[in-house]
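The values are calculated or read from the model by the stated rules, or taken from the named source; none is laboratory data. Since the structure is predicted, the reported quantities are computational estimates derived from the model, not experimental observations. Please note: Cβ atoms are built from the backbone with ideal geometry, for glycine as well, and neighbour counts cover all protein chains shown.
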Amino acid sequence: MNKQKTILAVDDEPSMRRLLEISLRQAGYKALVAANGQEALDVLKHQTVDCVVSDLHMPSMNGLALLQAIRQENEALPFIMVTAQGEVKTAVDAMKLGASDYILRPFDLETLEIAIAKTLSVQRLNLENTYLKNSIANEHDGLIGESGAMLALKQLIRQVAPEKATVLITGETGTGKELVAKAIHQYSPRKNSLFVAVNCAAIPAEMLESELFGFEKGAFTGAVKERIGKFELAEGGTLFLDEITEMPINLQAKLLRALQEGVIEKLGGNRQIALDIRVVAATNRDPMQAVKEGKLREDLYYRLNVFQLPLPALRERIEDISLITHDFLNKKSAQISDEAMQKLNNYAWPGNVRELQNVLERATILAGGKPITAQHLPADIAPTEHALTPSNVTLTDAFPYSIPKKVEQIERKLIQDAIATCHGNKSKAAKLLEISERSLWYKLEQYQLK
């Protein structure tokens with residue numbers, strides 16, 4: 001339920017104050033009133049107010065002086081100025097001083113309601129925008145680790161971030177390449193513009209060109225209107241091209257031209273569009289091997305590889321496993337036993353940080369609010385004779401050599417145990433089984449386990 005908003009109405013005329021108070025209450029707001037600017041400031045010292053509606057003309061301290069006084073203490077408090085028809089210039093001056101809006105007298109209740117609703121809505125959007133920017137700015141904190149390899153990586157990020165040079169990030173799957181790219185963006189002078197990420201492996205080859213460069217109306221069947229691409233979207237900011245070696249070779253030539261000349265052409269168009277962007281690319285392959293295999297143009301490789309950032313695998317910084325684990329579990333308000341932590345430290349982590357996070361997510365569900373123990377970890381990390389595997393699931397011998405029947409029996413058993421472990425929560429059970437919730441419901445229907 002939304003909190004009732006509090007509006008402070010300031011007017012030196014008693015009849016107008018009373019009218020405003022009644023109108024605000026009818027509109028669903030909590031109404032506070034003040035007879036002059038000083039009284040309004042006193043109210044603001046002791047009350048939480050969401051918006052101020054003030055008359056311009058008042059004795060001792062007029063509306064403009066009140067606005068200036070408020071702005072010295074609170075830059076964001078919404079403020080609506082009420083002025084007469086012939087005082088539009090003064091209203092404009094109020095906007096320059098930081099007023100959110102103004103309304104002209106005489107006004108009706110609907111006009112007041114619309115002005116307040118719009119002002120509060122804009123304030124909310126500004127708050128959300130600030131929050132999102134701060135969230136993005138703090139995402140580089142996800143580069144958790146105090147090992148020598150991570151400290152060296154963080155130092156390289158800070159060194160290359162202020163430059164415009166293209167960066168090629170290399171590393172195994174799950175090492176955090178996009179996280180590093182975001183950190184480069186946030187440490188750069190471009191941080192107030194967009195960071196746009198494109199996974200070249202996740203977009204069909206025939207759609208990737210239009211996704212990157214956009215298209216003109218009529219460029220192909222279905223192109224009913226012009227569309228900007230990721231390059232234009234990233235203007236002034238950073239474009240991150242993940243899995244660059246999965247981009248079709250013919251499209252790599254167009255990318256190379258865009259990088260060299262700083263211009264692009266939309267699909268189906270001939271207009272050159274000049275852009276100011278910083279490109280960061282990434283691959284989980286050995287880039288030189290990709291060149292030899294024909295997966296990456298050699299000239300594009302050298303254009304991208306101005307500054308290469310190789311990311312260490314998790315097994316190469318085992319001292320960071322504990323830090324990553326506790327950071328993840330703190331967000332879940334979860335704990336882990338020393339034995340389980342030792343098992344995590346001893347594992348090779350072929351899937352790197354992503355695999356570790358998935359294992360911890362699963363273990364948290366299994367633990368059900370209790371500390372994670374070795375029994376909650378997968379069998380390949382913490383082997384145990386009690387682990388639930390196909391070899392110790394009790395199977396009937398009605399179909400001793402039927403693979404489909406045996407698989408069905410194993411699936412039934414695993415699904416029943418997962419649902420029981422999660423106390424009937426299908427969403428958690430699906431995560432535990434490492435299948436989608438939709439697949440789980442299908443199997444429940446298939447095996448008549450509902």
Considering residues that are touching a helix residue (DSSP H, G or I) at 6+ places or on another chain (Cβ under 6 Å) and of a type in the set (D, E, K, R), the number found within region 66-121 is 1
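Looking only at residues in region 155-173 that are in a helix (DSSP H, G or I) and in contact (Cβ under 8 Å) with a residue 12 or more places away in the chain, which one is farthest from Ile244 (Cα to Cα)?
Taking region 155-173 as the starting set, the residues that turn out to be in a helix (DSSP H, G or I) are 155-160.
Okay, now just the ones that are also in contact (Cβ under 8 Å) with a residue 12 or more places away in the chain, so 156-158, 160.
Numbers: Leu156: 21, Ile157: 20, Arg158: 23, Val160: 20 Å.
That would be Arg158.
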Within region 417-450, restricting to residues that are surrounded by fewer than 12 Cβ atoms within 10 Å (Cβ to Cβ) and in a loop (DSSP other than H, G, I, E, B), the one that is farthest from the chain's Cα centre (by Cα) is Gln448
For Asp276, the lone unmet condition from (1) farther than 21 Å from Ser188 by Cα; (2) in a loop (DSSP other than H, G, I, E, B) is (1)
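Given the condition under 24 Å from Leu414 (Cα atoms) and outside any loop (DSSP other than H, G, I, E, B), answer yes or no: does some residue in region 315-337 qualify? Let's see the steps before the verdict.
Residues of region 315-337 under 24 Å from Leu414 (Cα atoms): none.
Checked against the condition, which is being under 24 Å from Leu414 (Cα atoms) and outside any loop (DSSP other than H, G, I, E, B), region 315-337 yields no hits at all.
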- Message: Tell me yes or no: at least one residue of region 221-230 is in contact with a Pro (Cβ under 9 Å, 6 or more places away or on another chain), small (Gly, Ala, Ser), at pLDDT below 95 and crowded, with 19+ Cβ neighbours inside 10 Å.
- Response: no
Selection from region 238-273 of residues assigned to a loop (DSSP other than H, G, I, E, B) and of a type outside the set (S, T, N, Q) yields Glu243, Met247, Pro248, Gly262, Glu265, Lys266, Gly268, Gly269, Arg271
Condition set touching a Leu at 6+ places or on another chain (Cβ under 7 Å) and not aliphatic (A, V, I, L, M), scope region 142-169, selection modelled with the lowest pLDDT: answer is Gly142
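Filter region 183-237 for residues that are part of a strand (DSSP E or B) and within 24 Å of the chain's Cα centre (by Cα) and give the result. Can you show your working first?
If we filter region 183-237 for residues that are part of a strand (DSSP E or B), which is where we start, we get 195-199, 215, 227.
Within region 183-237, Phe195, Val196, Ala197, Val198, Asn199, Arg227 qualify.
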- Residue check, Asp93 surrounded by fewer than 18 Cβ atoms within 10 Å (Cβ to Cβ) and free of Cβ contacts under 8 Å to residues at least 24 places away in the same chain: no
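Would you check if there is a residue in region 319-330 being in contact with an Asp or Glu (Cβ under 6 Å, 6 or more places away or on another chain) and either surrounded by 16 or more Cβ atoms within 10 Å (Cβ to Cβ) or in contact (Cβ under 8 Å) with a residue 24 or more places away in the chain (or both)?
no
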| request: Considering every residue within region 291-312, establish whether at least one is assigned to a helix (DSSP H, G or I), within 26 Å of Ala152 (Cβ to Cβ) and acidic (Asp, Glu). | output: no
When region 419-438 is checked residue by residue, the ones that are among the charged types (D, E, K, R) and either in the same structural domain as Glu355 (by TED's automatic domain parsing) or under 16 Å from Val359 (Cα atoms) (or both) are Lys428, Lys431, Glu434
